[in-house]
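Trainee: Have a look at this one before I ask anything.
The values are calculated or read from the model by the stated rules, or taken from the named source; none is laboratory data. Just so it is clear, the structure is predicted and the values come from calculations on it, not from any experiment. Cβ placement follows ideal geometry from the backbone for every residue including glycine, while neighbour counts extend to all protein chains displayed. Protein only, heavy atoms only, side chains kept; ligands, DNA and RNA dropped before computing areas. Shrake-Rupley method; radii C 1.70, N 1.55, O 1.52, S 1.80 Å.
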Amino acid sequence: LPEIQLLPVSRDNLWEVISLDVGEKDRDFVLGNAESIAQSYVQKELIPLVIYDGKTPVGFLMYCIDADDGEYWLYRLMVDQKYQGRGYARAAMTEILQTVQKDKKRRRMFLGVDTKSEAAVGLYRSLGFRFDGQVSGKESITVLEW
């Protein structure tokens, strides 16, 4: 896996983060980063993070302890089209899972995935997420328990 860092969205990196783009074929599967950052401004529990390889922002991740159910949720994960296929999504997921698993009060993380995104489904399944039967909009809900 590539060595990455997950760092907060800040005044210094905002425009770089907003300019990250998954590319045409994946746009139906993930909201733009500007929309996600706006959502985090209103939903204060959301934690937006930039995926860095060295000093280069390569993607975006947003997670939280959800206000509705008190569980961890991954709200967004994207890797810019120029950096896809290099293991950044897996590295970011590994990093965030290590972070949330330190919380001994919670034992699972949820995320919604559009099942038409075979790459995303494959990644999440390989990390141990399983479909739990819930559907929210066009996303099927998966859960990882530890």
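Trainee: Please compute the net charge surrounding Asp68, taking Lys and Arg as +1 and Asp and Glu as -1 over other residues with Cβ under 15 Å from its Cβ.
Mentor: So the surrounding residues net to -1.
Trainee: Under the rule of at least 5 residues apart or a separate chain, name every residue whose amide H is placed under 5 Å from the amide H of Glu71.
Mentor: Placed amide hydrogens put Asp66 under 5 Å from Glu71.
Trainee: Quickly work out the Arg125-to-Lys55 label distance, labels modelled 7 Å from Cα along the C-beta direction, and quote it in nm with one decimal.
Mentor: Placing both labels 7 Å along Cα→Cβ, they lie 4.1 nm apart.
Trainee: Could you look at the chain and say what percent of its accessible area is carbon and sulfur, using a 1.4 Å probe and all protein chains?
Mentor: Of the solvent-accessible surface of the chain, carbon and sulfur hold 50 percent.
Trainee: Oh, and also: Send over the Kirkwood Rh of segment 30-70, from the inverse of the averaged 1/r over different Cα pairs, rounded to one decimal Å.
Mentor: 11.1 Å
Trainee: Could you work out the mean projected area of the convex hull around the alpha carbons of the chain, in square nanometres to one decimal?
Mentor: Mean projected area for the chain: 8.5 nm², to one decimal.
Trainee: Now, a different point. Pick out which of Val100, Val42, Val22 has the largest mean-square fluctuation in a Gaussian network model of the chain, springs linking Cα atoms closer than 10 Å.
Mentor: It is Val42.
Trainee: Which of these, Val79, Val50, Val121, has the largest mean-square fluctuation under a Gaussian network model of the chain (Cα springs below 10 Å)?
Mentor: Result: Val121 has the largest fluctuation of those listed.
Trainee: Can you tell me the order of 105-118, 86-99 when each peptide is scored by its average per-residue count of other Cβ atoms within 10 angstrom, highest first?
Mentor: 86-99, 105-118
Trainee: Here is a follow-up. Under a crude label model (7 Å from the Cα following the beta-carbon direction), how far is Leu7 from Asp114 in nanometres?
Mentor: In this crude spin-label approximation the distance works out to 3.0 nm.
Trainee: Follow-up. Which aspartates and glutamates, if any, have their Cα less than 19 Å from the Cα of Lys138, not counting same-chain residues under 8 positions apart?
Mentor: Glu24, Asp26, Asp28, Glu35, Asp114, Glu118
Trainee: May I pose another question? Quick one: accessible area per residue over segment 9-146, 1.4 Å probe, rounded to a whole number of Å²?
Mentor: Result: 56 Å² per residue.
Trainee: Test of understanding: extend the Cα→C-beta vector of Gln81 to 7 Å, then name every residue of segment 1-43 with backbone N under 11 Å from that spot.
Mentor: Inside the label zone: 21-27.
Trainee: A further question follows. Roughly how big is segment 1-118's charge dipole about its Cα centre, with Cβ charges of +1 (Lys, Arg) and -1 (Asp, Glu), in debye to the nearest 20?
Mentor: In total the dipole reaches around 420 debye.
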